[in-house]
Amino acid sequence: MAEHRYDPKLIEPRWQQVWADERTWEVSNDPDIPGERSYVLVMLPYPSGEPHIGHLKVYSVGDAVAHFHRRTGRRVLNPMGYDAFGLPAENHAIQTGRHPRESTDSSIAQFRRQFREWGISIDWSRELATHEPDYYRWTQWIFLQFFDAGLAYRKEAAVKWCPVDQTVLANEQVVDGHCERCGAEVEARQLEQWFFRITDYADRLLDDLDTIEWPANVKTMQRNWIGRSEGAEVVFRCEELDVDYPVFTTRPDTLFGATFFVMAPEHPDVMRLVAGTDREAEVRDYINHALTESSEERGAADKPKTGVFLGRHVVNPVNGEAIPMYVADYVLMEYGTGAIMAVPGHDERDHAFATAYNLPIRRVVGGHHDELPYTGDGPIVNSHSEFDGLHNRDALIKIVDWLDREGKGHASVNYRLRDWLISRQRYWGCPIPIVKCPSCGLVPVPEEDLPVRLPDITDYAPKGRSPLAAAEDWVNVSCPSCGGAAQRETDTMDTFVDSSWYFLRYCDARNDEAAWDPAVLAEWMPVDQYIGGVEHAILHLLYARFFVKGLKDLGHLGVDEPFARLFTQGMITKDGAKMSKSKGNVVSPQDIVERYGADTARCYVLFIGPPEHDADWSDEGVEGVHRFLSRLWRLCAEAAETGRLDGELVAPLDLEGADLQLARKAAWAIDKVTADLSGRFAFNTAIAAVMELTNEASRLRDEAAPDVRRFALATAASLLFPFAPHTAADAYERLTGRRVWEERWPDADPALLERDVVQIVCQVNGKVRDRVQAAAGASQDELLALCRAAPNVQAHLDGKQIVKEIVVPGKLVNVVAK
RNA sequence: GCGGCGGUGGCGGAAUUGGUCUACGCGAUGCCCUCAAAAGGCAUUGUCCGUUCAGGACUUGUGGGUUCGAGUCCCACCCGCCGCACCA
């Protein structure tokens with residue numbers, strides 16, 4: 001017998017060549033081709049350097065799903081692209097002087113090459129990169145659609161500014177007061193910027209979460225981020241200045257307990273209220289101090305409450321009481337109206353402030369708790385005869401009705417979500433297609449003039465304004481509307497804009513006439529299975545949902561949600577820590593592929609544990625998976641020497657003994673792997689099942705007939721294909737002469753899944769005492785008799801009275817005795 | 001503080017509906033093959049008691065509960081991770 005050695009270096013390039021030459025994974029958009037469609041999408045990579053182990057994992061997961069969908073009869077769209085604009089490439093350019101396009105393109109080449117070497121089944125005909133004019137032309141087109149619809153607008157606002165990256169940031173990109181990218185503490189600046197009106201979609205973004213199959217934690221994060229609060233807006237009047245101040249409250253039922261009023265330091269009226277009074281200096285000092293404090297210091301929840309009395313009063317609309325006005329930094333300008341009614345009896349923050357400044361604390365909601373503040377529910381007390389005694393939740397509705405009738409307030413909803421700030425004062429991004437004309441204002445670049453190309457410049461360094469401003473030839477244009485001298489917008493778009501619609505472009509990636517043909521989009525959208533990291537739970541996933549809803553309202557597509565199902569995979573760590581160059585604990589996928597082959601690398605990252613969990617890398621574990629692939633391949637190669645398996649992959653008939661045992665194991669494995677891949681992502685147990693089948697085939701190497709062994713091994717190869725495509729294709733071809741990816745997913749023969757003899761567990765008082773063999777269809781009485789006769793059961797029943805007997809057919813018998 | 005997830009051998013993990021806890025893999029030990037090694041193969045492997053042979057006791061973070069039966073359900077607590085957090 002010839003010696004067979006598993007050599008991935010020979011096997012893998014061979015099959016990659018076949019798939020590339022035959023364009024095996026390309027799908028057409030022809031609507032007349034029958035069959036169910038499936039859009040399997042993995043989040044596109046940000047091309048920086050080389051792929052890391054996380055990429056290997058996420059694309060291995062996506063590929064397993066794509067292959068399983070194909071083999072079970074679906075036409076699968078599995079595209080690839082690159083999120084190519086962004087700060088790292090630009091910062092690299094600042095350091096080296098090399099154009100960001102060069103470093104980006106060389107990184108893309110690396111990613112592309114490695115994806116091919118990993119054997120990922122990508123439809124390369126749809127490849128895209130967001131920095132290509134062919135792509136960002138349509139990013140600009142979408143921007144203009146939004147601009148025309150009023151969904152993109154420019155306004156001056158207090159914004160978050162990163163002093164290191166020298167650009168503004170979206171709220172979502174500020175984490176604990178620090179820039180998400182570089183970690184610098186952000187500053188507040190008053191600037192005119194471009195925004196997308198995502199807040200118009202707050203309710204739909206919230207409600208439609210119920211229509212999609214996403215992990216609960218991601219939905220929760222989005223709900224929290226949108227932060228919908230129901231309550232009322234109530235007007236407090238300042239007689240001294242003749243001004244009305246509305247406040248937002250979720251607890252209008254506690255209005256009678258409001259004993260003071262607080263404004264945020266940023267509130268534009270604060271200085272006006274004290275102008276010319278003896279409190280002016282003290283208030284100015286306080287505000288200056290509050291504004292210079294970092295958002296982190298100011299945001300600390302346990303920080304002692306501070307504030308200053310303004311010397312003015314407002315009238316509580318429900319009881320006419322004049323209550324003192326304060327400025328305090330625990331009130332935030334960006335939420336609600338920037339002013340609050342303070343109810344120290346029923347709010348912890350107000351209570352802390354009232355205690356510090358000796359302000360009255362009044363109980364207006366009764367309860368079992370004696371101590372104030374009490375934030376729970378209970379009957380209304382000390383308020384008004386009309387409401388006293390009512391449960392506070394009922395009183396809340398009546399009080400809002402009363403306010404509405406009196407014109408002093410109304411029911412209201414507030415959101416934590418802010419509009420999405422999309423302009424960036426940086427170079428390496430999509431230009432905003434707007435011309436600023438002194439006479440016409442903001443003028444959109446006509447559609448036929450798109451794309452507005454990003455000009456080449458020599459100095460990328462940020463200087464507080466976009467580096468594009470220095471490209472004077474580019475900036476100075478004539479106004480598309482009046483023809484007069486005008487200037488281009490020099491800010492570029494947030495890179496999250498680029499990635500908010502790439503999944504739409506994949507559907508119709510080579511369309512030169514439009515961003516997409518809506519009919520083609522209807523073929524594929526929504527994405528059936530989206531796969532990516534949980535770090536995008538808020539930013540990307542919220543923005544993409546907003547884009548799809550906005551584009552739907554404008555008539556460009558027909559779905560409400562982009563991603564019907566979402567799967568978030570866990571991180572691979574090394575020695576319990578996140579891999580990073582600075583820690584020197586990086587495992588390079590390329591090294592692993594080089595040493596063991598892509599199939600070993602892919603199988604290992606799927607076998608290591610449940611894919612949604614974090615998992616720790618183990619070099620020994622990789623060896624184990626490699627041994628398994630090696631053994632399966634070798635067994636197949638040996639079995640193929642003595643003959644070939646023709647026709648359908650079905651078990652031979654009338655088997656017995658070792659043959660039957662092996663055929664049964666194959667049927668069991670088919671059943672197990674199919675279940676593990678149907679609606680679940682249990683790749684680890686699916687691979688374990690193929691290992692068991694392989695072990696059985698190896699064990700019965702000499703006892704089972706050659707064609708039964710070939711059947712079992714071909715089944716193992718077929719089931720392994722979604723995880724180790726090269727090895728599986730090679731082994732399958734040797735055994736059958738056919739291509740495994742062109743074969744239907746195997747069906748388990750029901751006759752082989754059924755057992756004629758089953759093992760019955762015999763328990764006495766719930767403890768396992770023996771096991772007996774019984775016919776599968778045995779009656780309860782027969783099972784009972786068998787178990788009572790079992791020697792070790794007898795020993796434990798000796799001298800005892802049987803109280804009760806429980807029979808679970810096919811499984812166990814429990815005899816209760818005392 | 002609030003919300004979510006988790007805690008099973010020496011390690012990663014399995015147990016799909018309350019029904020044989022520890023599948024599969026790693027590691028470890030012994031053996032076979034070999035002049036030797038590599039590769040490969042075979043066997044054993046939760047802890048403790050039992051010299052053998054049976055067999056027994058204990059064991060899924062801790063303590064209770066429900067049940068014939070609990071890793072799984074309920075209550076309380078401990079620990080770990082993630083998200084949010086002065087949002088009125």
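The values are calculated or read from the model by the stated rules, or taken from the named source; none is laboratory data. Model, not experiment: these values are computed from the prediction. Note: ideal-geometry Cβ built from the backbone for every residue, glycine included; neighbour counts use all protein chains shown. These area figures cover heavy atoms from the full protein model, side chains too; ligands, DNA and RNA do not enter into them. Shrake-Rupley method; radii C 1.70, N 1.55, O 1.52, S 1.80 Å.
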**Prompt:** Given charges of +1 on the Cβ of Lys and Arg and -1 on the Cβ of Asp and Glu, with all other atoms neutral, how large is the dipole of chain A about its Cα centre, in debye to the nearest 20?
**Reply:** 1660
**Request:** Sort segment A:92-151 into rounded, prolate or oblate with this rule: let a ≥ b ≥ c be the square roots of the eigenvalues of the Cα gyration tensor; rounded if a/c is under 1.5, and if a/c is not under 1.5, prolate when a/b is larger than b/c, oblate otherwise.
**Result:** oblate
**Asked** Solvent-accessible area per residue for segment A:578-719 at a 1.4 Å probe radius, Å²?
**Response** 44
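What whole-number volume per residue, in cubic angstrom, does the convex hull of the C-alpha atoms of segment A:651-703 give? Kindly include the intermediate steps, with their values, before the conclusion.
On the way: hull volume 3.0 nm³, N = 53.
Normalising the Cα hull of segment A:651-703 by residue number yields 57 Å³.
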**Item:** Charge tally in the Cβ shell below 12 Å around A:ALA356, where Lys, Arg are +1 and Asp, Glu are -1, A:ALA356 excluded
**Value:** +2
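Could you work out the per residue convex hull volume over the alpha carbons of segment A:157-278, in cubic angstrom?
Values: hull volume 24.0 nm³, N = 122.
Given the Cα convex hull of segment A:157-278, per-residue volume reads 197 Å³.
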**Message:** Between helix A:133-148 and chain A, what is the angle of the helix's C-alpha long axis to the longest principal axis, kept within 0 to 90° and rounded to the nearest 10?
**Reply:** 40
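Given the peptides A:178-187, A:624-633, arrange them by the average over their residues of other C-beta atoms within 10 Å, most packed first.
Numbers: A:178-187: 16.4, A:624-633: 20.8.
Peptide ranking by packing, descending: A:624-633, A:178-187.
Which shape class, rounded, prolate or oblate, goes with segment A:571-622 when its Cα gyration tensor gives a ≥ b ≥ c as root eigenvalues, a/c under 1.5 marks rounded, and past that a/b bigger than b/c marks prolate? Could you put the intermediate results ahead of the total?
Numbers: a/c = 2.14, a/b = 1.14, b/c = 1.87.
Note, shape of segment A:571-622 comes out oblate.
Suppose all protein chains stay in the model; what accessible area per residue would a 1.4 Å probe give for segment A:239-375, in Å²? Intermediate values should be presented prior to the final figure.
On the way: 6220 Å² over 137 residues.
So segment A:239-375 comes to 45 Å² accessible per residue, rounded to a whole number.
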**Prompt:** So what is the calculated 222 nm ellipticity per residue for chain A, using -39500 (n - 2.57) for each DSSP H run with n of 4 or more, over all residues, to the nearest 500 deg cm²/dmol?
**Reply:** -11500 deg cm²/dmol
**Message:** Quick one: 3J(HN,Hα) in Hz for segment A:57-70, Karplus 6.51/-1.76/1.60 with θ = phi - 60°, rounded, Gly and Pro as x.
**Reply:** 5, 5, 6, 5, 4, x, 5, 4, 5, 4, 5, 5, 4, 5
**Message:** I need the Debye-formula profile for segment A:601-680: one equal scatterer per C-alpha, no solvent, reported as log10 I(q)/I(0) at q = 0.19 1/Å, two decimals.
**Reply:** -1.10
**Prompt:** Short version: ³J(HN,Hα) in whole Hz for each residue of segment A:660-667, in order, from phi by Karplus 6.51 cos²θ - 1.76 cosθ + 1.60 (θ = phi - 60°), x for Gly and Pro, what are they?
**Reply:** 5, 4, 6, 5, 5, 4, 5, 4
**Request:** Return the inverse of the average 1/r over all pairs of distinct C-alpha atoms in chain A, which is the Kirkwood hydrodynamic radius, in Å to one decimal.
**Result:** 31.8
**Asked** Put a dot 7 Å past each Cα toward the Cβ at A:VAL761 and A:GLU239; how far apart are the dots in nm?
**Response** 8.0
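Suppose a student asked you for the relative contact order of segment A:626-738, using Cα pairs under 8 Å spaced at least 6 residues apart; what percent would you report?
Working: 128 pairs, mean separation 46.7, N = 113.
Rounded, it is 41 percent for segment A:626-738.
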**Prompt:** Which Cα, out of A:CYS162, A:THR492, A:THR96, lies furthest along the positive dipole direction of chain A (beta carbon charges, K/R +1, D/E -1)?
**Reply:** A:THR96
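Report, to two decimal places, the Cα Rg of segment A:1-124 normalised by 2.2 N^0.38 Å (N = number of residues). Mind showing how you got there, number by number?
Values: Rg = 17.7 Å, N = 124, 2.2 N^0.38 = 13.7 Å.
Scaled against compact globular proteins, the figure is 1.29.
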**Request:** Once you have all Cα-Cα distances for segment A:438-520, histogram them in 5 Å bins from zero and send the whole-percent values.
**Result:** 3, 12, 17, 18, 17, 15, 13, 5, 1, 0
**Asked** Amide H to amide H, which residues 5 or more places from A:TYR82 or on other chains are under 5 Å from it, using H placed in the peptide plane?
**Response** A:LEU128, A:ALA129, A:THR130
**Overall Cα dimensions of segment A:264-398, principal axis frame, Å, largest first** = 45, 32, 26
**Prompt:** Which distance in Å, rounded to a whole number, links the C-alpha centroids of segment A:732-791 and segment A:492-509?
**Reply:** 52
**Fill in**
The convex hull of the Cα atoms of segment A:66-113, divided by residue count, gives a volume in Å³ per residue of 82
**Message:** Give me a comma-separated list of calculated 3J(HN,Hα) values for segment A:329-345, in order, Karplus coefficients 6.51, -1.76, 1.60 applied at θ = phi - 60°, integers in Hz, x for any Gly or Pro.
**Reply:** 7, 7, 9, 9, 5, 7, 10, x, 10, x, 9, 9, 8, 9, 10, x, x
**Message:** Not counting ligands, DNA or RNA, and with a 1.4 Å probe, what is A:LYS303's accessible surface area in Å² rounded to the nearest 10?
**Reply:** 50
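Among the listed pairs A:LYS767/A:LYS800; A:LYS219/A:LYS549; A:LYS160/A:LYS219, give every one whose C-alpha distance is greater than 20 Å.
As for pairs spanning more than 20 Å Cα to Cα, those are A:LYS160/A:LYS219.
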**Message:** For segment A:22-70, take the convex hull of the Cα atoms, compute a quarter of its surface area, and give me that in nm², please.
**Reply:** 4.7
**Asked** Hey, got the Cα dimensions of segment A:488-592 along the principal axes, in Å, largest first?
**Response** 51, 39, 26
